[in-house]
Amino acid sequence: MSQSIRNSSIRRRALAAAAAAAVALAAGCASQAPETGEEHKPVSEPAPRTEVDLTQVTIETASEQERRFRQRPVRVEEALADRAAPGQPMAFAPSPASPGADPLAHLRAPDRPINRENYDELDPNPIHRVSEQPVSTFSIDVDTGSYANVRRMLNAGQLPPKGAVRVEEMINYFDYDYPAPEDPSTPFNVVLEQAASPWNENTRLLQIGIKGFVPPPEDVPPANLVFLVDVSGSMHSPDKLGLLKNALKMLAGQLDGDDRVAMVVYAGATGVVLESTPGDQAVKIRNALDQLQAGGRTNGAAGIELAYAQARQGFIEGGINRIILATDGDFNVGTVDFDALVDLVERNRQSGVALTTLGFGTGNYNDHLMEQLADAGDGNHAYIDTLGEARKVLVDEMGATLHTIARDVKIQVEFNPAVVAEYRLIGYENRMLAREDFNNDAVDAGDIGAGHTVTALYELALVGSGGERMDPLRYGAARATREISNELGIVRLRYKQPESDSSQLIERPVPNLAAESASERLRFAAAVAAFGQHLRGGKYLEGFSMEDVHALARDSKGADAFGYRGEFLQLVRLADGLAVARRYGPNERTIASDGH
């Protein structure tokens, strides 16, 4: 920069500083002037904008001004002066100086409640080439909380954030009428099916279905339950503590004299409000729930510790020992670190007590924590948005929610590189395991309850089908010499009996044979999977629209005794409308509807 340009810039900054000083001095003198007959304006009223002729102000020399500017930061007015054209007057208004005024009064309060809900953001599972990575390993997931939470958001008129959508939980919300095993020595049945993908005719869907054994009522062991209830101030809402009370009353109504119930509450402090009580004393249990009131902060970690102590005290050998944590997950005192809370539950699960989490409420719901606590606690996670959902989870599916029939269930699929070029697993992003974890019985995985239904979907591109999305490696490994062209691959499952620490293995070859038309159960599962993928951006859906999802689900709705599938059709329509509203603002929607 030339010396003349530098001096010009310094001069402009100096002129602006002098102007600011002149105006501030004038304002100060005016505020201290003796009273006259002239009416005074309140001090808090901003002074009028003042025009200053910078050419009439006496300033320091350029060298003195440059030295002073280097010793302190430049103010906003000075920065603006640098942008002004040389020789032009500059206008500005000094800030009001009102003694005792609220410095935050000028800030506008939010026009809607602040949303502090917490979700874990996960990328969709990628596509893998079989020649490079032929084995896929993951833990099963029986949670359904994501679907109910997404439904809550859509019914409230908002699209869910991507992190709230776990596609496997959307799929597993529904029953697919898989045949259950007849022999309790085999805790679940495995069903395989494959057909063309509805969103890409050049790829194939492989459905792996699991149905848990349903024991007769007389064979269900007694339960030792601890209700762990959040009564902090954040639960003061009809859709939180109010709904929670009614939900737990429903569950209590299903218990008998062989079962036991205790109740622990936590807010800023913790306490036992109901000692272990026989399950047939329904009035006593309901009265304890009715007396709960919300208030105070949330020391969830202390509540978890006390609940495990109560569960160990009433432990039933060979029975169901479980804590049911009902909360919005907003822990704000005591131990609040996410990893520390998960570690706390992992340590306590060694006692043989499982942890189920029931999520409630909006605005501050911590979905990430609730889902991971249930995972660490060998339990399951549900979100309760209505009394109907409470009945589904705690009454209609009580056996699946409470009674574990198989522990640490893992699935591993090895694909045949002679037949399958590529694959991707739909969902289960936070359930993926390393290949070596499959045979390691020390690695934890998901548990299956009595009658539980679990579904996993793979999208496959066969060799030469035209459905491949990746180019093969130029210097890739040679194909295996032993080709088995009549098999797509093999599905392996490992599980432990509830009282065992050693796993057992199930293997099912997958024939290279796709049905000409997919069954009703596969088509509906594909529709739910496509819906979930749409809500997460639809990266692999090849233009398959929400209208296509609705048509596929409508045509495969089948028997719908509880109305869940009919409700799903409504949610698809609702999400499609909300997506259009988001895509087009008011003006754009008007233009689009006019066809111009």
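Things worth noting here:
- Cβ-derived FRET efficiency at R0 41 Å, residue 343 paired with residue 254, nearest 0.05: 0.80
- Estimated inter-spin distance, residue 574 and residue 201, nm [label 7 Å along Cα→Cβ]: 3.5 nm
- Under a 5 Å amide H cut-off, with hydrogens placed 1.01 Å from N, residue 223 pairs with 259, 260, 320 among residues at least 5 apart or on other chains.
- In sequence order, calculated HN-Hα J values of the range 175-185 (Karplus, 6.51, -1.76, 1.60; Hz; x Gly/Pro): 8, 10, 6, 5, x, 8, x, 8, 9, x, 5
- Between residue 430 and residue 297, the C-beta separation translates, for a Förster distance of 30 Å, into a calculated FRET efficiency of about 0.55.
- Annotation: extensible slack from residue 555 through residue 500 equals 15.4 nm (criterion: 0.36 nm per residue apart, minus Cα-Cα distance).
- With a Förster radius of 25 Å applied to the beta-carbon distance between residue 562 and residue 584, the computed FRET efficiency rounds to 0.10.
- You can think of it this way: the chain between residue 547 and residue 517 has 8.7 nm of extra reach, that is 0.36 nm per residue less the Cα-Cα gap.
- Estimated at 0.36 nm per residue, the fully extended path between residue 246 and residue 280 surpasses their Cα-Cα distance by 10.5 nm.
- Area accessible to solvent at residue 542, 1.4 Å probe radius, in Å²: 110 Å²
- In nm, spacing of pseudo-spin labels at residue 115 and residue 155 (7 Å Cα→C-beta vector): 1.8 nm
- DSSP beta bridges in the range 255-395 [antiparallel fraction, %, rounded to 5]: 40 percent
- Pairs beyond 29 Å (Cα-Cα), from 211/557; 392/496; 162/557: none
- Against the criterion of solvent-accessible heavy-atom surface with a 1.4 angstrom probe, 316, 140 sort, most first, into 316, 140.
- Highest mean first, the peptides 308-314, 239-245 sorted by other C-beta atoms within 10 Å per residue fall in the order 239-245, 308-314.
- Note, ³J(HN,Hα) from phi for the range 552-564, Karplus 6.51, -1.76, 1.60, rounded to Hz, x at Gly and Pro: 5, 5, 4, 6, 10, 4, x, 5, 9, 4, 9, x, 5
- Assuming charge only on the beta carbon of Lys and Arg (+1) and of Asp and Glu (-1), the dipole of the range 221-402 about its Cα centre is about 520 debye to the nearest 20.
- Distance (nanometres) between label positions extended 7 Å along Cα→Cβ at residue 135 and residue 313: 4.7 nm
- ³J(HN,Hα), Karplus 6.51/-1.76/1.60, whole Hz, each residue of the range 503-510, x for Gly, Pro: 8, 10, 10, 10, 10, 9, x, 10
- The overall shape of the range 221-402 is rounded: from the C-alpha gyration tensor, with semi-axes ordered a ≥ b ≥ c, the ratio a/c is less than 1.5.
- Amide H within-cut-off set for residue 452, under 5 Å, with H built and near neighbours excluded: 212
- Annotation: amide H-H contacts under 5 Å for residue 271 (H modelled 1.01 Å from N, sequence separation of 5 or more, or interchain): 265.
The values are calculated or read from the model by the stated rules, or taken from the named source; none is laboratory data. On a predicted model such as this, the values are computed, not experimentally measured, just so you know. All Cβ positions, glycine included, derive from the backbone under ideal geometry; neighbour counts span all protein chains shown. The accessibility values were calculated without ligands, DNA or RNA, using every heavy atom of the protein model including side chains. Shrake-Rupley method; radii C 1.70, N 1.55, O 1.52, S 1.80 Å.
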